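Asks: I have a structure I would like to understand better, so I am pasting it below and will then ask my questions one at a time.
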Amino acid sequence: MSPTNGIRRRAVGALVGATALGLTLTACTGSGSGGGDASTLVVYTGQAGDYQINFNPFSPSRIGGLGTIYETLFFHNKAQVSDPVPLLGTEQAWNEDGTVLSVTLRDGVKWSDGEDFTAEDVVFTFDMLKETPSINAGGFDGTVEAVDDTHVTFSFEEPTFVKGPDLMNTPIVPEHLWADINPVEDVIEEPIGTGAFTLKEFKPQAYTIEANADYWGDEPKVKEVRFISLSGNQAGADAIAAGTIDWQTGPIPDIQNTNKNFPNYEAFTQWQNQMVLATCSNADLGCTGPQTDPAVRHALYYALDREQLNNLAFMETANEISPAFTLTPSQDQYLTPVVTELSAPERSLADNAKESLESAGWALGDDGIYAKDGERLSLTVEVVTGWTDYITAIDTMASQAKEAGIELVAAQSSWNEWTEKKVSGNFQLAMDSLWQGPAPDPYYLYNYFYSSASGAEVGESAGNNYSRYDNPDVDAAIDELSTLPLDDLAARQEYFEKIQGAIIEDMPYVPVLTGGTTSIWNTAEFSGWPSGEDLYAFPAVWSAFDAAEIFKRLEPQG
Amino acid sequence: MNYFVRKLSFYAVALWAALTLNFAIPRMLPGNPVDILLAKLQQRGGTVTPETREAYALLLGGDSSDPLWVQYWDYLKNLARGDLGVSVSYYPTKVSDVILTSLPWTVVLVGIATIIAAVLGVALGAFVGWKPGTWLDTLVPSTTLLAAVPYFWLALILTYLLARVLGWFPMQGGYDVVLTPGWNWEFISSAITYGFLPALTIVLASIAGWLLGMRNMMVSTLSEDYILTAEAKGLTPMKILRSYASRNAVLPSVAGFAISLGFVVSGSVITEQVFSYPGIGGRLLGAVTNNDYALMQGVFLFITLAVLGANLVVDLLYGLIDPRTRARS
């Protein structure tokens, strides 16, 4: 989740300033949820600057409404491996070969303008996406048909099990209103959905949604949710201190003692953000530099002292990482026996690093840095200016790597420039993080980041696989996985084994740590937040579908 | 008449140069809007698949394959029609709409703050200059100190003291979000309360410039012969201060004031950032980080026009007020 990370990192930078000012502890701790009455939940999603009205769920610049106003067929909880939660759909089943998906729809659901929700709305939504490539973000290319009012089938020409979660995560819109509008350019100022909330009012500084009294499920206990805009996470941290917001996802100073500093609030961290040193790994596609040698990437992997790194750079909010990139521990069941180290080493194993280098023909030079054929083992790490925790991390890693005879040099650039370097392949190492797919399943990460389909030659624009990893075995295994049901772990095992074996051996993304996503929320006025025991949604306010599930479960106190 | 024609044609050329730069500069920035949009999307919990990338490249038109001069010509043609294009980061909203929603906030906040700073600074400067060498002179170093402190630091300290510790003013925003913007007292008073602190920081940071300029002009004006004459005539000191010394000394400040009004439109990026204030500066910052060319061009255009316009007015006014300007040119 690189961009979320982006906010987080920028915020850490800003927090340094705040701490220096002494803004942290001395100030008042706030007494109420500044939004007014206690049943209004005030949240800050990281919106920087004013809102521009846009409740079109398919528009990339929408400001909200997903999950809260527009519902999907099912909800997938990315925080842990679990069954999809039925929303507008109640049951789903694939046929044997994965070409036809039948979904049973909930009966008696009404749109918030009083019209009935039927299978025709689902058919209309998917047909519209298919006919409008510029909003078809999930790449839907099947055929959808209504069997009767409460049953629809999706048919595909090829086995498409893995597309299931994308389909189920598509917001459904009402045919009677959407039939005559331009789905690309209409900003839908008055959104009508089936969700537990409806839009109450919109203002550039904030918009408010209110509980839908006619909701098919239980009417939410939280009567209103207000989304406010602030200038950034620094402002968010200030607002927590002043007690004017109830939930934000991002760091505040002295995060370990949140509850002590602000008795109304608690901090909760979840780990989903797999931080890596991404390498331009493929010399065949034009990458240059020592990192194109897998031995160098392994040496880096062993040289890192992750405990020290977590301590110095991440305020102890990061967690261990699996070299196979299954989330630890929530996706441990996907680890296969080929993975011998269940998580990357906590302490530096400089000897392993040196062994790896020496067996590949690198020799220690006089300056304590390895060299091969006259080329010093010196690597440039690209990082974005202002992402202070990543910059600290690189400094820390540089001193750790030096003990293993590797030189790391940080190069800071603006976010735009950094993105450009990654996409065009004009880099050696980049500090970044990998993200998850629509369902808690490592297939998606493998497909996004290791499939040669989203790579490209250096100089051309690559997709997600900007490391330009290209391994026909992995490609084949990813293809095979896409024809297997997500829950058929036995059949999938073989292919996971192939992929995990290959990506650990080649290691185009060197695992660093799993970064934490920390939410600060008001536990004095609201209960029902996700917890370690009941992790019913990924706790991040910017993750719209998860946030909607949380809004539905919260209860105002007193 | 000749003077005015030459001035106007000079401004026409300056305008063309500014418009051309405005076209060129955003296109030299690295990165492309689709990548940034995808990153933003992901930030809100979306999953970015290869299909998503394709869809949005299609939506935003991707990289234009037209040659630059065709793009340039279209840009000028659209400008002439008042069409600033569509903002990528707020797609599908028109750039003019984005700017028009933010502009009033900036113009009112920064405009009023600039007027207050100028009036206060000039008035204080006149008094300080009237009695040079007295204790009043300490106003000069104390206000310049405030101007020398980095602005964001001053703003943060004031926020800390007045908003956090004393709780007199709200810390962030342009108005209480429960209210509906409109011409009612409740909303306007809320906007005033929210705007007070940002305005105060702008006034404190900029008052020194006015004060110092006015004071120095006063001191040199006081040594003019006509002041001596006025004193010899037996006029009261207040009369001399108001009608003789100040009126002559204020001329450069008036010109400076007109120009600084031109800069009001560009707002204050830092002010708006520190106070989460809904203005044009925040939009400009957003446009730059999102590679939103159209919005950047739109904002730059407004700033350019405002600055050029203010300068033009000053030039023309000078031509009227001061005959020497016309004679020399």
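The values are calculated or read from the model by the stated rules, or taken from the named source; none is laboratory data. Remember, it's a predicted structure, so these values are computed and weren't measured experimentally. We place every Cβ from the backbone using ideal geometry, glycine too, and count neighbours over all the protein chains shown.
Asks: Within segment A:218-244, work out how many residues are over 17 Å from A:D50 (Cα atoms) and either touching a strand residue (DSSP E or B) at 6+ places or on another chain (Cβ under 6 Å) or of a type outside the set (S, T, Y) (or both). Give the derivation first.
Replies: Our first condition is that a residue be over 17 Å from A:D50 (Cα atoms); within segment A:218-244, this holds for A:218-225, A:237-238, A:240-244.
With either touching a strand residue (DSSP E or B) at 6+ places or on another chain (Cβ under 6 Å) or of a type outside the set (S, T, Y) (or both) added as a condition, the list becomes A:218-225, A:237-238, A:240-243.
Within segment A:218-244, residues that are over 17 Å from A:D50 (Cα atoms) and either touching a strand residue (DSSP E or B) at 6+ places or on another chain (Cβ under 6 Å) or of a type outside the set (S, T, Y) (or both) number 14.
Asks: Right, another one. Just to verify a result, which residue in segment A:138-182, among those that are within 26 Å of the chain's Cα centre (by Cα), assigned to a loop (DSSP other than H, G, I, E, B) and within 14 Å of chain B (Cβ to nearest Cβ), is farthest from A:A213 (Cα to Cα)?
Replies: A:T160
Asks: Taking segment A:198-217 as the region of interest, how many residues are away from every other protein chain (no Cβ under 14 Å), touching a residue at least 60 places away in the same chain (Cβ under 8 Å) and either out of contact with any Gly (no Cβ under 9 Å at 6 or more places or on another chain) or of a type in the set (D, E, K, R) (or both)?
Replies: Step one: filter segment A:198-217 for residues away from every other protein chain (no Cβ under 14 Å), giving A:198-199, A:211-217.
Remaining after also requiring touching a residue at least 60 places away in the same chain (Cβ under 8 Å): A:198-199, A:212, A:214, A:216-217.
Narrowing the set further to residues that are either out of contact with any Gly (no Cβ under 9 Å at 6 or more places or on another chain) or of a type in the set (D, E, K, R) (or both) leaves A:198, A:214, A:217.
The total comes to 3.
Asks: Moving on to the next point. Checking B:S142 against (1) more than 14 Å from every other protein chain (Cβ to nearest Cβ); (2) surrounded by 18 or more Cβ atoms within 10 Å (Cβ to Cβ); (3) among the polar types (S, T, N, Q), which test does it fail?
Replies: (2)
Asks: Quick one: which helices (runs of 4 or more DSSP H) sit completely within segment A:224-340 and have at least 1 residues that are touching a Phe, Trp or Tyr at 6+ places or on another chain (Cβ under 6 Å) and not assigned by TED's automatic domain parsing to the domain that holds A:P440?
Replies: Working: elements: A:233-242, A:258-261, A:294-303, A:306-313.
Because the criterion is at least 1 residues that are touching a Phe, Trp or Tyr at 6+ places or on another chain (Cβ under 6 Å) and not assigned by TED's automatic domain parsing to the domain that holds A:P440, the helices (runs of 4 or more DSSP H) in segment A:224-340 that meet it are A:233-242, A:258-261.
Asks: Which one of these does B:G133 not meet: (1) without any contact (Cβ under 8 Å) to a residue 60 or more places away in the chain; (2) assigned to a helix (DSSP H, G or I)?
Replies: (2)
Asks: Looking at this structure, is B:A199 free of Cβ contacts under 8 Å to residues at least 60 places away in the same chain and buried (at least 19 other Cβ atoms within 10 Å of the Cβ)?
Replies: On the way: free of Cβ contacts under 8 Å to residues at least 60 places away in the same chain: no; buried (at least 19 other Cβ atoms within 10 Å of the Cβ): yes.
Judged against the criteria, B:A199 is not a match.
Asks: Failed condition for A:N464, given (1) part of a loop (DSSP other than H, G, I, E, B); (2) closer than 30 Å to A:A267 by Cα; (3) touching a helix residue (DSSP H, G or I) at 6+ places or on another chain (Cβ under 6 Å); (4) not hydroxyl-bearing (S, T, Y), with all others met?
Replies: It is condition (2) that A:N464 fails.
Asks: Quick check on my filter: what residues within segment B:245-290 are hydrophobic (A, V, I, L, M, F, W, C), part of a helix (DSSP H, G or I), within 9 Å of chain A (Cβ to nearest Cβ) and surrounded by 22 or more Cβ atoms within 10 Å (Cβ to Cβ)? Talk me through it step by step, then tell me what you get.
Replies: We begin by selecting, within segment B:245-290, every residue hydrophobic (A, V, I, L, M, F, W, C); these are B:245, B:249-251, B:254-255, B:257-259, B:261, B:263-265, B:269-270, B:274-275, B:280, B:284-285, B:287-288.
With part of a helix (DSSP H, G or I) added as a condition, the list becomes B:245, B:249, B:251, B:254-255, B:257-259, B:261, B:269-270, B:274, B:280, B:284-285, B:287-288.
Cutting the leftovers down to within 9 Å of chain A (Cβ to nearest Cβ) gives us B:274, B:285, B:288.
B:V274, the sole residue that qualifies.
Asks: Just for segment A:515-538: of the residues that are under 19 Å from A:L87 (Cβ atoms) and within 14 Å of chain B (Cβ to nearest Cβ), which one is farthest from the chain's Cα centre (by Cα)?
Replies: A:A537
Asks: Look through segment A:354-369, keep the residues that are free of Cβ contacts under 8 Å to residues at least 60 places away in the same chain and within 37 Å of the chain's Cα centre (by Cα), and return whichever of them is farthest from A:L429 (Cα to Cα).
Replies: Per the stated criteria, the residue is A:E355.
Asks: Here is a check on your reading of the model: is A:G32 modelled with pLDDT under 50 and either more than 12 Å from chain B (Cβ to nearest Cβ) or closer than 28 Å to A:S134 by Cβ (or both)? I'd like the intermediate steps shown before the answer.
Replies: Details: modelled with pLDDT under 50: yes; either more than 12 Å from chain B (Cβ to nearest Cβ) or closer than 28 Å to A:S134 by Cβ (or both): yes.
It is true that A:G32 is modelled with pLDDT under 50 and either more than 12 Å from chain B (Cβ to nearest Cβ) or closer than 28 Å to A:S134 by Cβ (or both).
Asks: Being over 30 Å from A:L73 (Cβ atoms), crowded, with 18+ Cβ neighbours inside 10 Å, assigned by TED's automatic domain parsing to the domain that holds A:F314 and in contact (Cβ under 8 Å) with a residue 60 or more places away in the chain: is that true of A:F449 here?
Replies: So A:F449 fails the test.
Asks: Considering only residues that are in contact (Cβ under 8 Å) with a residue 12 or more places away in the chain, over 17 Å from B:K131 (Cβ atoms) and polar (S, T, N, Q), which ones fall in segment B:204-232?
Replies: The one that is in contact (Cβ under 8 Å) with a residue 12 or more places away in the chain, over 17 Å from B:K131 (Cβ atoms) and polar (S, T, N, Q): B:S206.
Asks: Also: So is A:T518 over 23 Å from A:S543 (Cβ atoms), among the β-branched types (V, I, T) and either touching a residue at least 40 places away in the same chain (Cβ under 8 Å) or not assigned by TED's automatic domain parsing to the domain that holds A:E420 (or both) or not?
Replies: Spelling it out, it is not the case that A:T518 is over 23 Å from A:S543 (Cβ atoms), among the β-branched types (V, I, T) and either touching a residue at least 40 places away in the same chain (Cβ under 8 Å) or not assigned by TED's automatic domain parsing to the domain that holds A:E420 (or both).
Asks: Quick test for you: out of B:I240, B:I192, pick the one residue that is aliphatic (A, V, I, L, M) and in contact (Cβ under 8 Å) with a residue 12 or more places away in the chain. Explain how you work it out, then say what you get.
Replies: Values: B:I192 fails: in contact (Cβ under 8 Å) with a residue 12 or more places away in the chain.
Unique residue meeting the criteria: B:I240.
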